[in-house]
Every structure is written in structure tokens, then in C-alpha cells.
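S.K.: Take this structure, written in C-alpha cells, and hold onto it; I'll ask about it next.
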Amino acid sequence: MTKLNNPLPTHEHHANLLKRFNARWPAWVALLIVAILYEALPSMFYWGPRGLMISLVVILTVPMIIAFWRSNSHMARYFSLSVNILVTLYMVMSIIRLIIAMLQGHIGPEHLLTSALALWSVNILIFALWYWNLDGGGPGHREKRSGNRITAFLFPQAQISMLQEHELPDSIKYWQPHFIDYLFLAFNTSTAFSPTDTPVISRWAKGISMIQAIISLTVIVMLAARAVNILNPTANYLVS
């Protein structure tokens, strides 16, 4: 007689789903913030009609959340990567337009400052989302692993567990990175141009980190160039 597999008890399933939800909602909020920051850009850097970006983000995020609640991890990951690609393309196009506008003298100091700050913030959030989605195969794969495992990034908790595996509390021994950890990593990469306390292990992560640092440096150099231009009236060739 075939023995049927017993499904998880309802309360255990709901508890597990709630735990996974708590690990994901900050990333969903970050996507919404990216769309809002993009809406704050001047029209010259906006591609398409107003509201297009946030509408596309919502269109992709809602089915992603539905797929998550239905435990369809493959569809959830598909929508998650799709919306990441979307916001990344928008960011790259906006930065290119910002560089062209500055070189041609079509942007004043106020628009340059607000646009650069918005894109610099978007850069942090987008790359935090990429790290969170790609590291260790994504959040779904990381949750299936037992214990603290080294992935593309060597977080301090993993370093500690390597040295004192048998003397650690469960909060460290079974620690898993959440979105805030990748956000902290992305913030450090954009400000210090290095991952600081978290070494980058894999080659793909090193490549993405370099791209993020280059984008951040480009935005900062544009702001610095505009500041020098304002302080030196003889070199004031930009249109205010």
C-alpha cells in the first residue's frame, strides 16, 4: 500500500510563509521607492509618459507577489528578475541623458543636483536588488540551505562561523542574509567604492560591484564638475 506524503500542517505552513514574506517585503518596498524616485526626475530624463515607470513596476510586482503567496517560486523569480531588468534599463537611460544634458549645457544646477541625487539613490537600491536576487541563487534557494553558507559575498557572520562554528549561538550559526544586508553592501559600494566589511567572492559579483561603483563615481564626478563650474565663473559655460 502506497504511503501518502503528509503535507505541512496549516499553522506551520502559514508560519513559514509569513517568515518568508518578512524577508521579502523590504525588497518590494525598494522597488516602489525606485519607481517613485524615477517619477521625481525632470521630464528631460523621463522616457515615455509620466506614470509609465511606476505602472510597469506595479504590473510586474503584483503577479510576483501573487506567485509568491501561491508558492510558485519559479514564476516569482521570473517576475522579480524582469522588474529588475526594467528599472536597470530606465536608470542607465536616465544617466546617459543626464551626461549628455550636462555636456551640452542644457541643465541648470538645481535640476542637476536633484537628478543626480535621485539617480545615485536609485543606483544603490537597484544593485541591492540585484545582489539579493542573484546571490546564492536568490532568496528561495538561500532559505533552503541549512546553516550559514558562503555564497557570492562573505558576510561577517559567515566569517565568524568559520572560526568558531561550535561556540556560536543559533542566531549566528543559522544566519541568512536579508535585503537590508545587501542594501548595506550596495550603499558601501556606492559611497566607499568598495564592499568594506563584506568581501566579494564570485566573479559575477565582482563585475556587478565594479559596474555599480562606476555609475556612482560618474554621478559624483558630474556633481563635482558642476560645483567647480559654479565656483569658477570664468569657466561657467553651462546654461543655468
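S.K.: From the list SER55, SER94, SER80, exactly one residue is buried (at least 19 other Cβ atoms within 10 Å of the Cβ) and modelled with pLDDT of 90 or more. Which is it?
M.R.: Exactly one residue qualifies, and that residue is SER80.
S.K.: So is ARG20 touching a residue at least 60 places away in the same chain (Cβ under 8 Å) and either part of a helix (DSSP H, G or I) or crowded, with 18+ Cβ neighbours inside 10 Å (or both) or not?
M.R.: Answer is yes for this residue.
S.K.: Based on what the data block shows, is ARG149 touching a helix residue (DSSP H, G or I) at 6+ places or on another chain (Cβ under 7 Å), at pLDDT below 75 and basic (Lys, Arg)?
M.R.: No: the conditions fail for ARG149.
S.K.: Another one. Being under 23 Å from SER121 (Cα atoms) and touching a residue at least 12 places away in the same chain (Cβ under 8 Å): is that true of LEU41 here?
M.R.: yes
S.K.: Only one of SER161, SER121 is at pLDDT below 85, surrounded by 14 or more Cβ atoms within 10 Å (Cβ to Cβ) and in contact with a helix residue (DSSP H, G or I) (Cβ under 7 Å, 6 or more places away or on another chain); which?
M.R.: Going through SER161, SER121 in turn, the sole match is SER161.
S.K.: Another question, if that's okay. For a quick check of your reading of the model, give me the residue pairs whose first member lies in the stretch 93-112 and is in contact (Cβ under 8 Å) with a residue 24 or more places away in the chain, whose second is among the aromatic types (Phe, Trp, Tyr) and in a helix (DSSP H, G or I), with beta-carbon atoms closer than 8 Å and at least 6 apart or on different chains.
M.R.: Taking only residues 6 or more apart or on different chains, the pairs are SER94/TYR38; SER94/PHE45; ARG97/PHE45; LEU98/PHE45; ALA101/PHE45.
The values are calculated or read from the model by the stated rules, or taken from the named source; none is laboratory data. Computed from a prediction, not measured in an experiment: that's the story for all the values here. Cβ coordinates were reconstructed from backbone atoms using ideal geometry, including for glycine residues, and neighbour counts include every protein chain displayed.
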